[in-house]
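Below you will find the structure I want to go over with you.
The values are calculated or read from the model by the stated rules, or taken from the named source; none is laboratory data. What you are looking at is a predicted structure, and each value in this text was computed from that prediction instead of being measured. Cβ: placed from backbone, ideal geometry, glycine included. Neighbour counts: every protein chain shown. Note: accessible area is taken over every heavy atom of the protein model, side chains too, but ligands, DNA and RNA are not part of it. Shrake-Rupley method; radii C 1.70, N 1.55, O 1.52, S 1.80 Å.
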Amino acid sequence: MTKPILVVTTRYTKAIEDRIDRDYTARRNPNQFPFSPQDLLSAAEGADALFITPADRLDSEFFEKVSPTIKIIVTYSVGFEHIDLEAAARRKIPIAYTPGVNHEATADIAMLLLLGASRRAYEAQELVRTGAWKPLSPDRLLGWQVGGKILAIFGMGRVGQALARRARGFGMKIHYCNTSELPAEIAGDAVFHQDPLDLLRVSQFLSLHAPETPATHHFLNSKAISLLPPGAIVVNTARGGLVADDDLIAALKSGRIAAAGLDVFEGEPKLNPEYVSLKNAFLLPHIGSATIETRTAMGMLALDNADAVLNGRPALTPVRP
C-alpha cells in the first residue's frame with residue numbers, strides 16, 4: 001500500500017521520527033535552517049500533507065500557489081500566527097495545531113523565570129562562570145522573595161492555571177484577569193479582576209499568558225508599566241508581541257521594573273539587542289515546551305491530526321479561522 005507523502009520541515013524526537021518513517025513517505029528539509037517559501041512550495045508538489053513549525057511562514061501568496069494535492073497542514077505549535085488562516089480557508093485546506101499538551105512544561109519555565117529574575121540568577125551565574133566570584137558582602141546580589149507576594153496572571157488558561165498551582169507552593173497569592181471568571185473549583189482562592197488595569201495595580205509579580213491578538217498586542221507598554229507597583233517583576237512565556245520592548249527596556253534600565261524573565265520575544269529568534277546588556281533581564285530562547293515528553297506529545301498530536309484527515313475524518317484539533 002502506498003504511503004501518503006508528508007513534507008517535514010524540521011527534525012523531531014526519535015519517537016516522532018520513527019512514526020513518520022513507519023506511516024509516511026517523508027520529504028524532509030535537508031538544511032539546518034527553515035525552507036524558503038519557494039522550496040516549501042516545491043516540496044509540497046504532489047504531497048498529501050505538510051508538517052510545519054512557527055518558523056515556516058505561510059502567507060496568502062503561499063496558499064495561492066500551494067499544490068492542490070495538499071489535504072491538511074499541521075503545525076507543531078499552540079500558536080498559529082504564522083499561518084494566513086483566511087487564505088487556507090479559501091483553499092479549503094484544514095489547519096491543525098497542538099493545544100493542551102504543553103502547559104505543564106511551559107508553567108515550569110514560567111516559574112523558573114520568575115525565580116531567576118527575582119533572585120538575580122543571571123548576575124549570580126555570571127560571577128561563577130567568569131571567575132569573578134569573591135566572598136560576597138551581605139548587601140551583594142540581594143533579590144526579592146516570592147513568598148507572600150501577589151502573582152498577577154494575565155490570561156488564566158491552562159498555562160496560567162498550572163503556574164498558579166506552582167506559585168501557591170511558594171506561598172504566593174494569586175490574582176488573575178481572564179476573558180471570564182473561572183469556576184470556583186478551578187480558581188480556588190485566586191482573586192478575579194475583570195479589568196486588566198486593576199490587575200496591573202496589584203501586580204508585584206506579573207506573568208503574561210494571554211494569546212496575542214489585536215487587543216493584547218503590546219499590552220505591556222509604558223502606560224501599563226506606570227500602573228505596576230514600583231519594583232514589580234515581569235515574566236513572559238506567552239508571545240513576544242504582548243510586550244512593547246522599548247518601554248520594558250526603559251523601565252528595566254530605570255529600575256521602575258526590578259527585573260524581567262523572558263522566554264519569548266517579538267521577531268524571535270532576533271530580539272531587541274538591548275535586552276542582552278541588561279543584568280536584570282533573565283533571558284531564555286523560547287524553551288517553554290522543550291521537554292522530551294512534551295515535544296513528543298505535541299508531535300504525536302500533530303500526526304494524529306494528519307492521520308485523521310488523510311483517512312477521511314475531521315481533524316482532531318483544528319484551528320478555526
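Would you mind counting up the charge near residue 173? Only other residues with Cβ under 14 Å from its Cβ, with Lys and Arg at +1 and Asp and Glu at -1.
Working: positive: 149, 165, 166, 168; negative: 189.
Every neighbour counted, the sum reads +3.
Quick one: net charge around residue 76, please, counting Lys, Arg +1 and Asp, Glu -1 for every other residue with C-beta under 12 Å from its C-beta.
Values: positive: 11, 295; negative: 56.
Here the charged neighbours net out to +1.
Sticking with this one: For every helix of n ≥ 4 consecutive DSSP H residues, a contribution of -39,500 (n - 2.57) applies; sum these over the chain, divide by its total residues, and give [θ] at 222 nm rounded to the nearest 500 deg cm²/dmol. Can you show the working numbers first?
Details: 12 runs with 112 residues, N = 321.
Dividing the helical sum by the residues of the chain leaves -10000 deg cm²/dmol.
While we're on this one: Identify which of the listed values of Rg and Dmax of the Cα atoms in Å was calculated from the structure shown: (1) 29.1, 94; (2) 21.6, 72; (3) 20.4, 62.
(2)
Compute the length gained on full extension between residue 170 and residue 126: take 0.36 nm times their separation in residues and subtract their Cα-Cα distance, giving the result in nm to one decimal. Could you put the intermediate results ahead of the total?
Values: separation 44, 0.36 × 44 = 15.84 nm, distance 2.56 nm.
Length gained, residue 170 through residue 126: 13.3 nm.
Relative contact order for the range 1-146: what is it in percent, counting Cα pairs under 8 Å that are at least 6 residues apart?
Values: 185 pairs, mean separation 24.5, N = 146.
Normalised by residue count, the contact order of the range 1-146 is 17 percent.
When a/c is below 1.5 the answer is rounded, else prolate if a/b is larger than b/c, else oblate, so apply that to the range 144-227 with a ≥ b ≥ c taken from the square roots of the Cα gyration tensor eigenvalues. Each step should come with its number before you reach the end.
Working: a/c = 1.80, a/b = 1.24, b/c = 1.45.
In terms of gyration-tensor shape, oblate.
Based on the alpha-carbon gyration tensor of the range 1-112 and its eigenvalue square roots a ≥ b ≥ c, which shape applies: rounded if a/c is under 1.5, prolate if not and a/b is larger than b/c, or oblate? Don't skip to the answer; put the middle values down first.
Details: a/c = 1.77, a/b = 1.27, b/c = 1.39.
Judged from the Cα gyration tensor, the range 1-112 comes out oblate (a/c at least 1.5, b/c at or above a/b).
Excluding ligands, DNA and RNA, what is the solvent-accessible area per residue of the range 238-321 at a probe of 1.4 Å, expressed in Å²? The partial results should precede the final answer.
Values: 3880 Å² over 84 residues.
I get 46 Å² per residue for the range 238-321.
With an 8 Å cut-off on Cα pairs and a minimum separation of 6 or more residues, tell me the relative contact order of the chain in percent. Present the calculation step by step, with values, prior to reporting the outcome.
Values: 604 pairs, mean separation 58.9, N = 321.
Computed over the chain, the figure is 18 percent.
Here's something else I'd like to know. Can you tell me the 0 to 90 degree angle between the C-alpha axis of helix 245-254 and the longest principal axis of the chain, rounded to 10?
Its long axis makes an angle of about 20 degrees.
If each of residue 198 and residue 215 carries a label point 7 Å out from its Cα toward its Cβ, how far apart are those two points in nm?
Reported label-point gap for residue 198 and residue 215 is 1.6 nm.
Using a simple charge model, +1 on the beta-carbon of Lys and Arg, -1 on the beta-carbon of Asp and Glu, nothing else, what dipole does the range 80-120 show about its Cα centre, in debye to the nearest 20?
The dipole of the range 80-120 has a size of about 80 debye.
Modelled label-to-label distance, residue 290 and residue 85, 7 Å Cα→beta-carbon offset: nm?
Placing both labels 7 Å along Cα→Cβ, they lie 2.8 nm apart.
If we count every other residue with Cβ under 15 angstrom of residue 56's Cβ, Lys/Arg +1 and Asp/Glu -1, where does the sum land?
Numbers: positive: 11, 27, 28, 57, 65; negative: 39, 59, 61, 81, 84, 268.
Net charge around residue 56: -1.
Could you tell me which residue out of 74, 116, 105 lies farthest along the dipole of the range 70-116 toward its positive end? Charges go on the beta carbon: Lys and Arg +1, Asp and Glu -1, centred on the Cα centre.
Among 74, 116, 105, the one farthest towards the positive end of the dipole of the range 70-116 is 74.
Also, quick follow-up: At 7 Å along the Cα-to-beta-carbon direction for both residue 17 and residue 279, put a label point, then send me their distance in nm to one decimal.
The modelled label-to-label distance comes out at 4.3 nm.
Return one whole number: the accessible area per residue of the range 37-118 in Å², for a 1.4 Å probe. All intermediate terms of the calculation are to be shown ahead of the outcome.
Working: 3210 Å² over 82 residues.
Per residue, the range 37-118 has an accessible area of 39 Å².
Would you kindly state how much longer the chain becomes between residue 246 and residue 191 on full extension, computed as 0.36 nm times their sequence separation minus their alpha carbon distance, in nm to one decimal? Can you show the working numbers first?
Values: separation 55, 0.36 × 55 = 19.80 nm, distance 3.05 nm.
So the extension gain works out to 16.8 nm.
Of 203, 155, 136, which is farthest along the charge dipole of the chain in the positive direction, counting Lys and Arg as +1 and Asp and Glu as -1 at C-beta?
Farthest along the dipole direction, towards plus: 136.
Could you tell me what percent of the accessible area of the chain is made up of carbon and sulfur, with a 1.4 Å probe and every protein chain present?
On the way: 8830 of 15850 Å².
Accessible surface attributable to carbon and sulfur in the chain totals 56 percent.
For a quick check of your reading of the filter: which GluC sites (Glu not before Pro) in the range 1-70 sit in a DSSP loop and have no more than 15 other Cβ atoms within 10 Å? Don't skip to the answer; put the middle values down first.
Values: sites: 17, 45, 61, 64; in loops: 45.
Those that pass, being in a loop and sparsely packed, are 45.
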